[in-house]
1. With the crude spin-label approximation of a point 7 Å out along Cα→Cβ, what separation in nm comes out for residue 142 versus residue 106?
2. Considering the Cα trace of the range 2-168, what is its radius of gyration and what is Dmax, both in angstroms?
3. Report the calculated FRET efficiency for residue 79 and residue 23 (r = Cβ-Cβ distance, R0 = 22 Å), to the nearest 0.05.
4. For the range 68-143, what class follows from the C-alpha gyration tensor (a ≥ b ≥ c being the square roots of its eigenvalues): rounded when a/c is under 1.5, otherwise prolate if a/b is larger than b/c, else oblate?
5. How much length is gained on full extension from residue 55 to residue 93, taking 0.36 nm per residue of separation minus their Cα-Cα distance?
C-alpha cells in the first residue's frame, strides 16, 4: 500500500489473507515524496486503514513489515489485528539507529536496506493500533521484534513476539509512555516508562524505540 506521488489513500479495509514463502515484506505501507505529478502538488496521505486476520509463513528474513512515512508527513490511524507471521529470521543485531529516509525513491521494502527489526518497522506515524499480533522467526534472529521511531501514539494489546534468549535490551532517548490501554487478560504486562532522571527509556528485548510516544506496550507470555 503506497502513496508517493501525492495520492490520498484512506478508508481501506483488508482481511482474511494467507501468504507463504513471501520474498518481500508481508505488510508494506509507505508514504513518500517522489512526486511525479504537476508542480505544487502536495505530499499525499495514508490514513484510516484496517488490516485483519492475516497469516504469513516463511517470509524473507531481510524485510520486516513496514509502516513508514517521512518527516512532517505521518501515516495516520492504522489498525492491525489478529495477525500471525513467521519470518525466516537469521538477522544480526541493529548496528545503527540511522535508517535512510529515501523519500524520493521508488517504494519497495528493500529501499531501507536490511530491516532493523525482524517483525515490524514503524516511523513517522501516529495513532497506530496493534491487537492480537504474533511474530515468530524460523531461525534465530538477534534483532528486536519491533523498531519504532517518531511514532506519536501506539497501542499494542496484546502482542506475542518471539525473542532470542540473550538479545540485549535497547536504551533510547526522548520517549514517553502512558498507561491507558490496560487489558485484564494480559498474562504478563510489559510496560515501558519514561525515566526523567536518566532521560532515556529502558526498553524490553522485543522493542527498539526512539522519539516515540507509547501507550501501555504489553506482551502475553505462557
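1. 3.3 nm
2. Gyration radius and largest Cα-Cα distance of the range 2-168: 15.4, 52 Å.
3. 0.25
4. Oblate.
5. Gain in length upon complete extension: 11.2 nm.
Taken together, the values in this text are just the output of simple stated rules run on the coordinates, not laboratory data. Predicted model, so just to flag it, every value in this text is computed and none were measured. Cβ sites come from the backbone with ideal geometry, for glycine too, and all protein chains shown count toward neighbours.
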